[in-house]
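These notes concern the structure reproduced below.
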Amino acid sequence: MPDIPRKAIWNWQDNVAEALRILASKRTEVVTFMNAQRQQAALANAPLPAHSVEGVRFADGTGRTMEHALTIKAYNGSSRPSFAFVDNGQVPGFILDPHSSGHYCFWRSAFRQQTSPNSTLWQDGAIVTANPPAWALSRLNANNRNYVADVCIELEP
């Protein structure tokens, strides 16, 4: 969790400046992460598909890339839900895997599998090789909330 100066809590201008600083830091982390994911996917000749959330389209070569979606989730914390949660949705071009990464999108070459019905903690799961590997989404955080969707709902078309 970032150390937020007291003045940023009580002054709206300082608050906005601090939020922008945190966003820039998260963006740097996300770009590094996605570069590594893209390199792995390139070995399988698997380009990143476009992805739409609440009418907002994230696609390479546009003003809204997948890195933007990852930055949104990272700003709120790139956490993952417990094994008790299952994401039953469907997203064209992606596997839904809320447990293997806290990042919103990732190249899934391995995944976490629950090995004990008595433990819902992801760290207690076994790491299994994905066959075949594919692009995956981890849309929800530890509070089972899709923060990217929450933000996209607020955007004007």
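The values are calculated or read from the model by the stated rules, or taken from the named source; none is laboratory data. It should be emphasised that the depicted structure is a prediction, and the values quoted were computed from it without experimental measurement. FYI the Cβ positions are ideal-geometry reconstructions off the backbone, even for glycines, and counts take in every protein chain you see. Remember, those area values only see protein heavy atoms, side chains included, never the ligands or the DNA or RNA. Shrake-Rupley method; radii C 1.70, N 1.55, O 1.52, S 1.80 Å.
Of note:
- Residue in the range 127-150 that is part of a loop (DSSP other than H, G, I, E, B), surrounded by 18 or more Cβ atoms within 10 Å (Cβ to Cβ), among the hydroxyl-bearing types (S, T, Y) and at pLDDT 85 or above present: yes
- Among residues of the range 108-133 that are under 22 Å from A42 (Cβ atoms), those with a Cβ under 6 angstrom from a residue that is assigned to a strand (DSSP E or B) and among the polar types (S, T, N, Q), sequence gap 6+ or separate chain, pair up as A110/T129; A130/S109; P133/S109.
- The residues of the range 56-71 that are in a loop (DSSP other than H, G, I, E, B) and among the aliphatic types (A, V, I, L, M) amount to a single one, A59.
- Members of the range 116-126 found to be exposed (fewer than 13 other Cβ atoms within 10 Å of the Cβ) and either among the small types (G, A, S) or part of a helix (DSSP H, G or I) (or both), listed by number: S116, Q123, A126
- In the range 98-115, residue nearest to the chain's Cα centre (by Cα) [restricted to those that are at pLDDT 85 or above and open to solvent by 40 Å² or more (accessible area, probe 1.4 Å)]: H103
- Scanning the range 45-56 for residues that are open to solvent by 30 Å² or more (accessible area, probe 1.4 Å) and more than 14 Å from C105 (Cα to Cα) gives N45, E54, G55.
- Every residue from the range 28-55 that is among the aliphatic types (A, V, I, L, M) and outside any loop (DSSP other than H, G, I, E, B): V30, V31, M34, A36, A41, A42, L43, V53
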